[in-house]
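Every number in this text was worked out from the coordinates using simple rules, so none of it is lab data. Everything numeric in this text was worked out from a predicted model, so none of it was measured. Neighbour counts run over all protein chains shown; Cβ positions are idealised from the backbone, glycine included.
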Amino acid sequence: MSERKNARVYHLDRPGELRLVESPIPEPADGELVARVSVALTCGTDVKTYRRGHARLKVPGLLGHEFAGVVEHIGPGVRNFTAGDRIVAMPTAPCGDCVYCLRGAENLCLHLFEDMTLGAYGEYVLIPRHIANRNTYRIPDGTPDLQAAFLEPLACTVHGADLVDIGGDRTVLFIGDGPIALLFAQVARLRGAGRVLLAGRHAERLALARQVGVDHVIGGDAGTAGTVAELTDGLGPDVVVECVGRPDAWEEAVSLVRRGGEVLMFGGCERGSTVALDTERLHYDEITLKGGFHFTPDSVRRAWELMQGGALALEPLVTHRMSLDELPQALELMSRREAVKVAIVP
Ligand SMILES: [Zn+2]
Ligand SMILES: [Zn+2]
């Protein structure tokens with residue numbers, strides 16, 4: 001066995017307790033890749049996991065899943081990558097065989113969270129065989145690592161945009177001003193939404209929403225309902241996309257949509273959360289409620305295309321750059337909504 005150098009990686013021992021540990025660089029087994037992280041991005045999922053655990057991710061465990069890197073070691077049998085390739089790997093890949101995969105709903109795969117690419121808050125990541133095979137991509141020349149690292153959240157929003165009718169003259173309201181809302185609003189625009197509204201509570205993020213092309217930004221705690229009504233002739237938006245992940249925001253989304261409209265619940269709430277639904281709205285107003293989660297290989301492919309098209313403002317969403325040592329502070333900034341995304345450069 002060759003001698004391995006040590007590398008640093010964060011372990012989340014339990015919510016709130018991050019530890020930067022030094023351990024040998026992982027050795028890739030058959031079909032696996034080991035990549036050196038060039039840049040990792042903070043994500044709402046990491047913040048939730050750090051603060052309270054997560055419905056799908058294991059704690060204790062590694063953290064960080066949005067990254068770009070360079071292949072450093074390849075396991076036996078790897079033919080599609082070589083050392084030196086710039087790559088981006090998704091945190092998951094579907095099994096391809098379960099009942100959901102066979103129906104094309106790979107985002108619901110029974111085995112999705114069994115073996116993940118995690119640990120992007122570190123110097124090296126191990127990419128499991130099924131992800132190296134099916135959900136790892138070479139970064140095209142001309143695409144900076146920082147942009148490529150957006151592939152995962154972008155794929156989520158591309159999948160979300162498939163779930164609701166946002167084309168034509170439709171008015172779409174986003175509730176929330178975090179990175180997912182700011183990405184999704186841009187995807188909605190590119191998918192031909194007639195008008196994009198966004199309601200949030202943080203002045204800097206709302207300014208960013210304007211900068212990335214949102215038509216009407218609605219700020220402050222008071223008056224969302226009134227302003228939305230004013231902007232939609234008293235009818236409400238055709239589609240409301242909830243991007244906060246709190247029960248009160250889910251309920252607000254239902255209250256704002258127009259008759260016959262669609263509501264997409266895109267922000268995952270804390271485990272065990274419940275919401276109260278106005279039955280009158282659902283029944284007499286024929287509102288459709290949908291959940292949206294994760295992405296499929298097809299949404300990843302289309303997210304790549306969208307990114308290569310160059311019409312997305314991705315870098316402006318990176319409000320801070322920090323070192324690996326500063327990760328706890330980065331997650332705190334995210335928790336306080338002072339950062340949209342932080343680029344962590346090991
Ligand atoms: Zn993410
Ligand atoms: Zn499956």
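Of note:
- Residues listed by number, segment 228-260, amide nitrogen under 13 Å from ARG201 label point at 7 Å toward C-beta: 244-250, 252
- Computed over the Cα atoms of the chain, pair by distinct pair, the Kirkwood hydrodynamic radius stands at 20.7 angstrom.
- Counting only Cβ charges, +1 for Lys and Arg and -1 for Asp and Glu, the dipole size of segment 286-346 around its Cα centre is about 100 debye.
- Remark: the chain carries a charge dipole of roughly 360 debye about the Cα centre, counting +1 on each Lys and Arg Cβ and -1 on each Asp and Glu Cβ.
- Ordering ALA161, VAL240, SER273 by Cα displacement along the dipole of segment 157-291 toward the positive end leaves ALA161 in first place; charges were set at the Cβ atoms of Lys, Arg (+1) and Asp, Glu (-1).
- The C-alpha atoms of the chain define a longest principal axis, and helix 297-309 lies at about 80 degrees to it.
- Coordinate range along principal axes, alpha carbons of segment 233-346, Å, largest first: 54, 34, 31
- Measuring spread by the Cα atoms of segment 1-153 yields a radius of gyration and Dmax of 15.2, 45 Å.
- Part-to-part distance (alpha-carbon centres) for segment 1-47 and segment 194-249, which is given in Å: 38 Å
- Relative counts (whole %) of C-alpha pair distances in segment 114-172, using bins that are 10 Å wide: 17, 38, 28, 14, 3
- Quarter of Cα convex hull surface for segment 157-291, i.e. mean projection, nm²: 7.5 nm²
- Cut-off 13 Å between beta-carbons: net charge of the residues surrounding ASN80, Lys and Arg +1, Asp and Glu -1: +2
- Cβ crowding within 10 Å averaged over residues, with 263-275, 177-189, 121-133, 231-243 ranked highest first: 177-189, 121-133, 231-243, 263-275
- Here the dipole of segment 157-291 is about 400 debye; that uses its Cα centre as origin and unit charges on the Cβ of Lys and Arg (positive) and Asp and Glu (negative).
- The packing ranking, built from the mean of other Cβ atoms within 10 Å per residue, places the peptides 58-70, 298-310 in the order 58-70, 298-310, highest first.
- Segment 144-217 shape via C-alpha gyration tensor axes, a/c threshold 1.5: oblate
- Antiparallel content of DSSP bridges confined to the chain, in %, to 5: 55 percent
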